[in-house]
Amino acid sequence: MMRSIFCLKRFAYFALVILVIIPVSAHTKKMKRIPTGVWGGQSIHIDVDASSSTVEFDCAHGTIDEPFMIDSKGQFSVKGTYARQHGGPVRIDEKNSNAAATYYGTVKGQSMTLKIKLANEGQTAETFVLTKGNSGKLRKCL
């Protein structure tokens, strides 16, 4: 009797593990990386690498600190940093302006729509439209 209760508990445990693992693994298989390389548009340029990306704006720069993945609908939300810049030289004692940021939007084929939400401001900045293979058009701060 004790042995059958033990076997039943063990079976229930393994069934529970399988029920949890299968949906999680099915969800992760739907995610895929966007094509690496250059993506650009008006006032933005992104170099996408396999594990991270760098972002340049007219008067700012940033990073995406994780693989740039999209779901089955082409949507993404990736974490990184955003730092405002200004014209003129950078002072030695100037405070670092890096802020935590979420880059989110959609990718459809060779086109990307990207928005940025800064953690400390809670608001969405400008919307950018980028194209794969386009280096973008930047007008850096003077």
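The values are calculated or read from the model by the stated rules, or taken from the named source; none is laboratory data. Since this is a predicted model, take the numbers as computed values, not measurements. No Cβ is skipped: glycine too gets one built from the backbone with ideal geometry, and neighbour counts run over all protein chains shown.
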Can you tell me how many residues within segment 72-87 are surrounded by 14 or more Cβ atoms within 10 Å (Cβ to Cβ) and over 9 Å from the mean Cα position of the chain (by Cα)? 6
List every residue pair whose Cβ atoms lie under 6 Å apart, where the two residues are 6 or more positions apart in sequence or sit on different chains, the first residue falls within segment 65-87 and is assigned by TED's automatic domain parsing to the domain that holds Leu118, and the second residue, located anywhere, is in a loop (DSSP other than H, G, I, E, B) and hydroxyl-bearing (Ser, Thr, Tyr). Asp65/Ser52; Pro67/Ser51; Ala83/Ser97; Arg84/Ser97
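Yes/no per residue for (1) closer than 29 Å to Asn134 by Cα; (2) at pLDDT below 95:
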{"position": "Lys9", "(1), (2)": "no, yes"}
{"position": "Val17", "(1), (2)": "no, yes"}
{"position": "Ile21", "(1), (2)": "no, yes"}
{"position": "Arg33", "(1), (2)": "yes, yes"}
{"position": "Val48", "(1), (2)": "yes, no"}
